[in-house]
Amino acid sequence: MKIAICPGSFDPATYGHLDIIERAAQLFDKVIVLVMTNSEKNPLFTVDERVRLLEKCVKKKNVEIDTYKGLLVDYAKKSGAVAIVKGLRAMSDFDYEFQQALTNKSLMPELETVFLTAKNTYMFLSSSMVKEVCRLGGDISRFVPAEIHDEVTIRCKGEIKND
Ligand code: ADP
């Protein structure tokens, strides 16, 4: 069984993430969406909340959601994964992702990093953009699934500081 990991912060999940997860689920027997707990400084949602939001919108049967606070290659070893799947939006993602892929390759040569190009309609979409638009009162229904729309909106609006 070929297992792949889709790692990220998912703070919160967007249609861009879901597109990559669903496409990865067509390529591999099992996909683990891994909410990493050590990368971001100031998350809007706790790790448990991010997992719950993902569970609400990921529909594929061969996709599991898990969390990890450590080196991705260690999780890959323990889960038997053969690949990491990442989405590439633009050249701006490339340098960082290339560096990460090479680092992971040197730590675990048998683990491949597979890049899927972002769907053109989601090229500009990121969790931080969703949070910014929502905080400023914009409509995020084109960016996040209906299942989590209200929860994301309430949390983002709760963040507004009147100063
Ligand atoms: P991180 O904080 O580690 O960058 P993210 O949650 O922002 O994690 O993203 C996780 C993964 O999803 C990354 O591979 C990223 O490139 C990919 N991704 C995020 N948004 C999109 C999008 N709109 N289209 C395609 N891939 C995306």
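Worth a mention:
- The range 28-60 - residue that is in contact with a strand residue (DSSP E or B) (Cβ under 7 Å, 6 or more places away or on another chain) and touching a residue at least 40 places away in the same chain (Cβ under 8 Å) and, of those, farthest from GLU112 (Cα to Cα): ARG50
- Test: PHE143 is surrounded by fewer than 17 Cβ atoms within 10 Å (Cβ to Cβ), of a type in the set (Phe, Trp, Tyr) and touching a residue at least 12 places away in the same chain (Cβ under 8 Å): no
- Residues satisfying the stated conditions in the range 124-138, i.e. among the basic types (Lys, Arg) and at pLDDT 95 or above: LYS131
- Looking across TYR68, TYR96, TYR15, TYR75, one residue alone is within 10 Å of the ligand (Cβ to nearest atom) and in contact with a Phe, Trp or Tyr (Cβ under 7 Å, 6 or more places away or on another chain). It is TYR15.
- When PHE94 is tested against (1) among the hydrophobic types (A, V, I, L, M, F, W, C); (2) at pLDDT below 95; (3) under 24 Å from ASP29 (Cβ atoms), only condition (3) is not met.
- Condition met for MET129 (more than 30 Å from MET1 (Cα to Cα), free of Cβ contacts under 8 Å to residues at least 24 places away in the same chain and either within 16 Å of the ligand (Cβ to nearest atom) or among the charged types (D, E, K, R) (or both)): yes
- Residue match in the range 110-117 (condition: at pLDDT 95 or above, farther than 15 Å from ARG89 by Cα and more than 16 Å from the ligand (Cβ to nearest atom)): yes
- Filtered by the rule that a residue be closer than 17 Å to CYS156 by Cβ, assigned to a helix (DSSP H, G or I) and away from the ligand (no atom under 11 Å from the Cβ), the range 18-50 gives a lone residue, GLU49.
- Complete set of residues in the range 93-113 that are exposed (fewer than 15 other Cβ atoms within 10 Å of the Cβ) and of a type in the set (A, V, I, L, M): LEU102, LEU107
The values are calculated or read from the model by the stated rules, or taken from the named source; none is laboratory data. Note that the structure is predicted; figures quoted are calculated from it, not measured. Cβ atoms come from the backbone with ideal geometry, glycine included; neighbour counts cover every protein chain shown.
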